[in-house]
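Engineer: Below: one structure in structure tokens.
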């Protein structure tokens, strides 16, 4: 009795529904239609399942075909198919081959992902003509209107080529690309006379300067003695075909110093800042606006320096233009304070950087570039306006910045061409000069290699 109960229990556990004693009920439960007229079906499914043994682990049932006809060969066919698949898998030599044999016909959909959003063009970004949420997300992610600072790269290459030209000019004149006589150039570059000759900002070449008349002679480019033994006329040192009507008029020296550098060290320091800070600004605002910003800041830096720096000291470098691009970071910080990460800490670092930058060079040029950078940045930098009132305020500030920038250019250029620019600001000369007895307390010209006949 116990053995029979165990056999019946095993039958209920392992017996497929199709082979249950009541095959009609089992098929109805599975949703199949029952055909009582199909004698072959009844004969196949009503014969005893455990005729010889209660449990056979090697047994594989034979399944009926689509018409419920008994097919005793189906089990053998299934076994053959399984053996073939196992054999194919065993012959797969690499995981790639295994995947090709088993999944080559399987299709799958690409995982869902939000399509990348196109970068707004400079005009749409400037006017805020795309969703506010996207503008805020772009600001936090540091996404600008373009991915690469093409103009910064181009300017850096042009400045490198110009520096090589400066060194070649000095090499032809003195036999060495770096000037060591009559004075050593700590920036590892050409002499002062060579810098003036290739386009440095030098007021005596741009207008009549009372302290440096046309009769003044400076050290020739090939002179290496100290004191000067070979002197050349001012017109010769200024180069570029001399003066017209015997009046210094080389106004382009407001522009050319932007592309010149005092030497290799000067170039490397400027390019370090330009390729990091200025490059990011170009990505933010786009090349057209960046060109306006860069040139306006560089030129205005030379205008301010020409007004209040010592007239006998030549000035070169892109520092004014670079400071102008740095000023845009200040506009960005205060305009987007709520969207910045740790804005207070960022402000502290920017103040330190500003102090160090101003202390390293010709302060009037640096301050001029910084001031013009603030104005042009206010006029052109894309500012997020969450409301109509905020947008109206920003528009008013933009118009005011443009007007003020134009006024400053006009006033300071006119002041530069007066006989005494220092009269407009008597203390401004001390921005680029520490008063000592050796320089007559910043009241001289600053010429170090001059001789008058």
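Engineer: For the list (1) modelled with pLDDT of 75 or more; (2) more than 25 Å from residue 248 (Cα to Cα); (3) more than 36 Å from the chain's Cα centre (by Cα), I need the number of the one condition that residue 414 fails.
Structural biologist: Failing condition for residue 414: (2).
Engineer: Okay, next question. When residues of region 244-258 are filtered for being part of a helix (DSSP H, G or I) and surrounded by 20 or more Cβ atoms within 10 Å (Cβ to Cβ), how many remain?
Structural biologist: 4
Engineer: Right, here's the next one. Return yes or no: is residue 287 surrounded by fewer than 22 Cβ atoms within 10 Å (Cβ to Cβ) and closer than 30 Å to residue 414 by Cα?
Structural biologist: Values: surrounded by fewer than 22 Cβ atoms within 10 Å (Cβ to Cβ): yes; closer than 30 Å to residue 414 by Cα: no.
In short, no.
Engineer: Pick from region 175-201 the residues that are in contact with a helix residue (DSSP H, G or I) (Cβ under 8 Å, 6 or more places away or on another chain) and assigned to a helix (DSSP H, G or I): which of them is nearest to residue 288 (Cα to Cα)?
Structural biologist: 198
Engineer: Name every residue in region 204-219 that is outside any strand (DSSP E or B), surrounded by 17 or more Cβ atoms within 10 Å (Cβ to Cβ) and touching a helix residue (DSSP H, G or I) at 6+ places or on another chain (Cβ under 7 Å), in order of residue number.
Structural biologist: Once the filter is applied, which keeps residues that are outside any strand (DSSP E or B), surrounded by 17 or more Cβ atoms within 10 Å (Cβ to Cβ) and touching a helix residue (DSSP H, G or I) at 6+ places or on another chain (Cβ under 7 Å), region 204-219 yields 204, 205, 206.
Engineer: Ok, one more. Go through region 145-166 and count every residue that is surrounded by 20 or more Cβ atoms within 10 Å (Cβ to Cβ) and more than 19 Å from residue 322 (Cα to Cα).
Structural biologist: Looking only at that region, the number is 2.
Engineer: Scan region 323-332 and give yes if some residue there is in contact with a helix residue (DSSP H, G or I) (Cβ under 9 Å, 6 or more places away or on another chain) and over 17 Å from residue 368 (Cα atoms), otherwise no. Steps first, answer last, please.
Structural biologist: Within region 323-332, the subset in contact with a helix residue (DSSP H, G or I) (Cβ under 9 Å, 6 or more places away or on another chain) is 323-332.
Within this subset, residues satisfying the condition of being over 17 Å from residue 368 (Cα atoms) are 332.
Yes, some residue in region 323-332 is in contact with a helix residue (DSSP H, G or I) (Cβ under 9 Å, 6 or more places away or on another chain) and over 17 Å from residue 368 (Cα atoms).
Engineer: Just the residues that are in contact with a strand residue (DSSP E or B) (Cβ under 9 Å, 6 or more places away or on another chain) and under 26 Å from residue 287 (Cα atoms), please, taken from region 336-386.
Structural biologist: Correct list: 365 only.
Engineer: Could I ask something else about it? Can you confirm whether region 220-243 contains a residue that is in contact (Cβ under 8 Å) with a residue 40 or more places away in the chain, part of a strand (DSSP E or B) and within 26 Å of residue 305 (Cα to Cα)?
Structural biologist: Checking region 220-243: not a single residue is in contact (Cβ under 8 Å) with a residue 40 or more places away in the chain, part of a strand (DSSP E or B) and within 26 Å of residue 305 (Cα to Cα).
Engineer: Follow-up. Among the residues of region 272-283 satisfying the criterion of being surrounded by fewer than 20 Cβ atoms within 10 Å (Cβ to Cβ) and over 11 Å from the mean Cα position of the chain (by Cα), which is nearest to residue 164 (Cα to Cα)?
Structural biologist: 272
Engineer: Here is a further query. Hey, any hits in region 382-403 for a residue that's over 30 Å from residue 134 (Cβ atoms) and part of a helix (DSSP H, G or I)?
Structural biologist: So the first thing to find is which residues in region 382-403 are over 30 Å from residue 134 (Cβ atoms), and the list is 403.
Subsequent filtering for residues that are part of a helix (DSSP H, G or I) retains 403.
Scanning region 382-403 turns up at least one residue that is over 30 Å from residue 134 (Cβ atoms) and part of a helix (DSSP H, G or I).
The values are calculated or read from the model by the stated rules, or taken from the named source; none is laboratory data. This structure is a prediction, so every number in the text was calculated from the model and none was measured. Heads up, the Cβs are rebuilt from the backbone with ideal geometry, glycines too, and the neighbour counts pull from every protein chain shown.
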